[in-house]
Amino acid sequence: MRRVIAVSAATAAVALPLAFTTPAAAADDASVVVVHGVPDLTVDVYGSADASYSAEELLLEDFEPGTVTGAVALPGGTYNLAVFPAGDDPAGDPAIEANDVEVPAGANISVVAHLDEGGTPVLTPFVNDVSPTAAGEGRLVVRHTAAAPAVDILAGGEPVFTGLTNPNEESADLPAGTVSAAVALAGTTDPVIGPADVDVQEGVSTIVYAWGSADDGNLALAVQTIDGLHSSPSGVPSGTAEVPADPAPLALTGLALAAALAAGGMGLRARRVRA
Amino acid sequence: MSTPDPGRRWKAGSAAAAVVCAAALVGVGGWALSRPADTAGDGLSALTQATTPSTTPTSTAPGPTPSVRATARPADPQAVRVESSPPPSRLRIPDLDVDATVRAVGVQADGSMVIPAAPTRVGWYRYGSAPADPEGHTVIAGHVATIEDGPGALAPLVEAEEGMDVEVVDADGTVHRYEVRGRERISKKRLPTDAIFARDGAPLLVIVTCGGEYIPELGAHRDNIVVTAAPVG
């Protein structure tokens with residue numbers, strides 16, 4: 001049957017000190033993306049400033065597993081979020097509930113509906129690192145949001161992040177390119193997910209979620225991207241030698257000098273001959 | 001006396017030489033006057049014109065309740081792959097006899113833009129905008145000259161003037177036409193890289209090479225020559 005899971009933000013990944021109980025103007029809204037990683041459950045998502053949910057507070061309708069929303073701008077503040085099976089009355093008990101989720105003004109947050117290690121649906125807010133990436137690089141973030149034990153993340157068959165547990169993340173800035181990513185149980189190199197080609201675009205944070213359930217054999221990857229993190233190249237070093245000088249002015253100056261000497265010389269000669 | 005007065009002949013010769021001297025001096029003066037100024041057209045001001053701040057197209061919630069609707073999209077790795085615009089393959093500035101092969105380049109270990117080693121080729125900054133993109137700056141740069149190969153394809157860039165036609169041909173054959181808006185010589189230390197490499201705002205072609213004083217100890221020029229060209233048609 002339906003279970004009610006309450007996640008307090010204090011214990012979740014959002015632990016920033018800002019807490020606006022009265023949201024300010026839209027000047028510095030937070031950017032929030034919702035990720036659905038609970039298998040076999042199409043849901044409606046509600047957001048509320050209080051403990052009850054109404055039809056007007058519907059954030060997302062018919063939200064399917066393995067999908068990600070676009071970024072939604074929310075005023076900074078504290079929110080209660082609830083997930084109901086699609087079409088259910090929001091006055092009833094939610095399938096998943098997260099109370100007092102702090103959404104700091106200006107923050108970039110991903111709220112993930114997923115299974116915990118034991119297979120219970122939970123909502124976990126992650127604060128996204130949107131600091132600039134170096135020119136030529138992109139950021140790869142991997143989040144363990146699956147009902148599975150600790151895993152290693154393989155890139156090109158080699159472990160790059162090891163011992164990642166639910167609901168944690170690892171990240172690295174890499175030269176832009178395609179990474180053949182796979183997920184294996186910690187200490188092994190036999191993929192339980194993938195390998196799948198993941199584009200690490202320049203100036204973009206590519207966030208890969210491992211979701212689903214190992215027991216049910218439906219582990220999968222979901223990808224969220226955050227763009228606009230790029231930096232400019234530091235300069236344009238476009239010349240290692242001097243352009244050969246134009247010979248025209250030197251030749252003309254020489255000619256003028258020679259002609260001046262000739263004129264002077266011939267003038268003197270003319271005077272002498274006449275004398 | 002049938003022989004002409006030799007004094008008169010010398011005098012005529014002297015006058016002729018003086019005329020040659022004057023003509024040569026006029027030539028030098030004309031050459032000096034024909035030197036391109038440090039700035040042409042509107043200089044670099046096109047770089048910052050009509051650049052709109054990039055905002056994610058999201059709805060805003062006026063009240064404390066999140067009365068916004070979000071829409072979802074599939075998130076499997078294949079679904080998020082982005083199609084990029086074709087890279088440029090050729091740059092032409094007919095008035096300056098510039099006709100160069102363009103290849104896509106990235107960044108060097110020190111964070112500066114890669115410039116193709118052969119000065120007859122120019123590089124397009126692959127992480128920035130492409131000519132077919134709806135917004136942002138297409139940046140193309142090339143060596144003004146190298147020790148190994150002499151003058152480069154962009155050596156004449158210093159003579160670019162407002163209104164000159166520029167063509168960029170994409171790898172798929174599409175021809176994009178531009179018109180020079182301005183040119184400026186600017187110290188490399190003050191190069192406005194964020195404005196040059198902007199990925200939002202109105203489309204603009206920015207062509208960069210080196211110029212100004214050559215510093216042999218550094219094997220480099222003190223300045224960059226930057227030309228902006230806006231799309232036409």
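We did not get these values from a lab; they are worked out from the coordinates using the rules stated. None of the values given here were measured: they were computed from a predicted structure. Positions of Cβ are backbone-derived with ideal geometry, glycine not excepted, and every protein chain shown enters the neighbour counts.
Using just the Cα positions, wrap segment A:55-188 in a convex hull and report its mean projected area in square nanometres, one decimal place.
Numbers: hull surface 38.8 nm².
Mean orientational projected area (segment A:55-188, Cα hull): 9.7 nm².
Relative to the longest principal axis of the Cα atoms of chain A, the long axis of helix A:248-274 makes an angle of roughly 10 degrees.
Potential lengthening of the chain between A:D88 and A:V130 amounts to 11.6 nm, from the contour at 0.36 nm per residue minus the alpha-carbon distance.
For segment A:130-231, relative contact order (Cα pairs under 8 Å, six or more residues apart, normalised by length) works out to 35 percent. Each residue, A:E170 and A:D190, gets one label point 7 Å from its Cα in the Cβ direction; the gap between the two is 2.0 nm.
If we count every other residue with Cβ under 14 angstrom of B:R81's Cβ, Lys/Arg +1 and Asp/Glu -1, where does the sum land? With Lys, Arg at +1 and Asp, Glu at -1, the net is -4. Given R0 = 25 Å, the distance between the Cβ atoms of B:I215 and B:V26 translates into a calculated FRET efficiency of 0.15. Would you mind pulling out the separation of the Cα centroids of segment A:157-215 and segment B:195-233, in Å? Cα centroid of segment A:157-215 versus Cα centroid of segment B:195-233: 39 Å apart. For chain A, the fraction of C-alpha pairs more than 23 angstrom apart is 61%.
For a paramagnetic label modelled on B:D172 (point 7 Å from Cα along Cα→Cβ), amide N atoms under 18 Å away belong, within segment B:137-160, to B:138.
Between B:A15 and B:E159, the C-beta separation translates, for a Förster distance of 56 Å, into a calculated FRET efficiency of about 0.90.
Karplus-derived 3J(HN,Hα) values for segment B:35-44, using 6.51 cos²θ - 1.76 cosθ + 1.60 with θ = phi - 60°, are 4, x, 6, 5, 10, 10, x, 9, x, 9 Hz; glycine and proline are entered as x.
Diffusion of chain B by Stokes-Einstein, at 10 °C in a medium of 1.306 mPa s and with Rh set to the Kirkwood radius over alpha-carbon pairs, works out to 75 µm²/s. How much net charge surrounds A:P104 when only the other residues with a Cβ under 11 Å from the Cβ of A:P104 are counted, with Lys and Arg +1 and Asp and Glu -1? Every neighbour counted, the sum reads -3. Karplus-based coupling profile of segment B:127-138, in residue order and whole Hz: 7, x, 7, 9, x, 7, 6, x, 8, x, 9, 8, with θ = phi - 60° in 6.51 cos²θ - 1.76 cosθ + 1.60 and x standing for Gly or Pro. A Förster distance of 41 Å, applied to the separation of the beta-carbon atoms of A:L261 and B:S45, puts the FRET efficiency at 0.25.
How many percent of DSSP beta bridges within chain A run antiparallel, rounded to 5?
Working: 56 of 75 bridges.
Looking only at bridges with both residues in chain A, the antiparallel portion is about 75 percent.
The 3J(HN,Hα) values that the Karplus relation (6.51, -1.76, 1.60; θ = phi - 60°) gives for segment A:170-180 are, in residue order, 9, 8, 8, 8, 10, x, 4, x, 9, 10, 8 Hz. Gly and Pro appear as x.
Here the average projected area of the convex hull drawn through the C-alpha atoms of the protein assembly as shown stands at 34.0 nm².
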